[in-house]
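*Asks:* Quick one: the structure is below, questions incoming.
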Amino acid sequence: MNHSIRTNVWRGITTLALQLPSYTSERRLAEQTCLTLLHSCTTLTNLTQIHTLILKLGLHNNPLVLTKFASTSSLLNAIHYASSFLFSPSNNHNDLLLYDAFLFNTVIRAYAQTHASKFKALEFYKTMFTYGVLPNKFTYPFVLKACAGIGDLNLGKLVHGSAVKFGFDDDRHVQNTMIHMYCCCGEGVEFARKVFDESPKMDSVAWSAMIGGYARLGRSMEAVGLFREMQVKGVIADDVAMVCVLSACTDLGALELGKWLESYVERNKISKSVELCNAFIDMFAKCGEVDKAMKLFRQMSSRTIVSWTSVIVGLAMHGRGLEAVSLFDTMIEQRVAPDDVAFIGVLSACSHSGLVDKGHYYFNSMQKNFGIVPKIEHYGCMVDLLSRAGLVKEALEFVQKMPIKPNQIIWRSIITACHARGELKLGETISKKLIRSEPMHESNYKIPGSTMIELNNEMYEFVAGDKSHNQSKQIYEMMDEMGRKIKKAGYLPTTSQVLLDIDDEDKEDALHRHSEKIAIAFALLNTAPGTPIRIVKNLRVCEDCHSATKFISKVYNREIVVRDRNRFHHFKNGLCSCRDFW
DNA sequence: ATAGGGTTAG
């Protein structure tokens, strides 16, 4: 129905309804009228009119009308209004027939999908028992979804127990939501796995719930492993399962796997939903192939804000800030409304490419032109932008003027800038303050550095000084050779970033054993000459590794693509795409 | 009427 027809129908039926006598004997007509009205109700004003009408016609104890009222309210984000009417004392509470499971399910569903009211869903789940209404098999997916949103394991177990008690735990939908719910509850994954393993017939939904659960927790290897198991079991993935496994693949930086997944989609004719395309864009960008991501983006027939943001963030990560910014401008020209995440993307693009004025412009425009209130992340981007550009003083002033309390991330980007700019005293002062106010921050320095590399469909992970690999001997010989060759080419070790209190020779040795050098040696040993090497670091690349990798790319004539915690470095012929600005 | 999904500063 188009808008004007809808409005006319609305007017017509309203006129008719108001002519009905109160407590009309023609209950069916009154009921039908109300249901039709609710069906075409699109505004809150209409809803309150219908409310009045329901009372006038004495339909406040008609379950059919009440349920429709609840679901319409839910669509209009007004479930609170509906539930306070439905369960108000003026409604006849003694009439138990008034409420049925369908009505409660509608209310529970509405609250479960409303962001801030998951607890309300559980409240109504309890309320249904006090009214003597028993849950049915449709009740549990809604309640479990609310539990997933709350993320409380004990609550989840309680509802699980309840579902068992009423015999709904063998329902496929209930089981699948149960898996999802447990995956969303901190320590619950193992419980999810138990439900998953005990399910007699696992469909694609169950697999995606479990794979997605692992992926969200950063247990990407397990996610990919489970996807492989799924293929062995002969279950064909659908687009949602693909999104789940792709997010794990993206996390691992496993480009070969990503390409294989792309061909899997083609082979199995999986529908290319917007979400799936977005996941592919993100994967290609974060596995080192932004151009491929751009190509996919251009081919998409319809895009969402997430598609734009993914490709903007992707370009930014590769240091292609100008392209990212111009894409953002195109997006605005095409009247796609940016959201807060899109602004984080464009601001970080400015930051990584030193576009200070542009950054200021976007930051100011987000509130002025788009009514988006900047969050701590946006302030963080601005501080980072100023800090990286060497404007440490301006960054500090910005922090002092911001209306939000700065967090550790913000302080750390200033400290990093201080080190880079030789403002050691200032950096130290801030560091000391930070340690005093947030003693926990030390834990951040204790994450061990590791580097991953994909080779022949296998992921290899190395930590500093790693000797666990069976090629270890050759790897260390290769590293010695690398060291000799790059020194000859002019490489000088940068030992200033080594924090340990040891002498220079040992410091050099410590650098020499950094995980990314091990991974590069491993790659040089196992890949064909002239082919690109791709590695993924879990931390920011250190200055010495950055310098060494530049030399390695030249001496061994290899393109080396490094993804670190924040961004990409493309090393080629002795130079890096970040132009030493990272 | 019911289940699983994408982008986020360093």
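*Asks:* Output the helices (runs of 4 or more DSSP H) that fall wholly within the range A:307-392 and possess 2 or more residues being at pLDDT 95 or above and within 11 Å of DNA strand B (Cβ to nearest atom), or say none. Don't jump to the end; show me each part of the working.
*Replies:* Working: elements: A:321-333, A:340-352, A:356-368, A:376-388.
In the range A:307-392, A:340-352, A:376-388 are the helices (runs of 4 or more DSSP H) which contain 2 or more residues that are at pLDDT 95 or above and within 11 Å of DNA strand B (Cβ to nearest atom).
*Asks:* How many residues does the range A:264-283 hold that are in a helix (DSSP H, G or I) and either of a type in the set (Phe, Trp, Tyr) or surrounded by 17 or more Cβ atoms within 10 Å (Cβ to Cβ) (or both)? Step through it out loud before you land on a result.
*Replies:* If we filter the range A:264-283 for residues that are in a helix (DSSP H, G or I), which is where we start, we get A:264-267, A:274-283.
Now restrict to residues that are either of a type in the set (Phe, Trp, Tyr) or surrounded by 17 or more Cβ atoms within 10 Å (Cβ to Cβ) (or both): A:264-265, A:276-283.
Result for the range A:264-283: 10.
*Asks:* Say we look at the range A:26-37 and pick out the residues that are crowded, with 21+ Cβ neighbours inside 10 Å and modelled with pLDDT of 90 or more; which of these is farthest from the chain's Cα centre (by Cα)?
*Replies:* A:CYS34
*Asks:* Just one of A:LYS68, A:LYS120, A:LYS126 is within 16 Å of DNA strand B (Cβ to nearest atom) and either at pLDDT 95 or above or part of a helix (DSSP H, G or I) (or both); which is it?
*Replies:* A:LYS68
*Asks:* Would you point out which residue out of A:GLY156, A:GLY132, A:GLY161 is away from DNA strand B (no atom under 12 Å from the Cβ), more than 22 Å from the chain's Cα centre (by Cα), small (Gly, Ala, Ser) and outside any helix (DSSP H, G or I)?
*Replies:* Values: A:GLY156 fails: outside any helix (DSSP H, G or I); A:GLY161 fails: outside any helix (DSSP H, G or I).
Unique residue meeting the criteria: A:GLY132.
*Asks:* If I filter the range A:281-288 for residues that are more than 8 Å from DNA strand B (Cβ to nearest atom) and in contact (Cβ under 8 Å) with a residue 40 or more places away in the chain, do I get at least one hit?
*Replies:* Checked the range A:281-288: at least one residue is more than 8 Å from DNA strand B (Cβ to nearest atom) and in contact (Cβ under 8 Å) with a residue 40 or more places away in the chain.
The values are calculated or read from the model by the stated rules, or taken from the named source; none is laboratory data. Remember, predicted model here, so these are calculated numbers, not experimental data. A quick note on method: Cβ atoms are made from the backbone with ideal geometry, for glycine too, and the neighbour counts reach across all protein chains shown.
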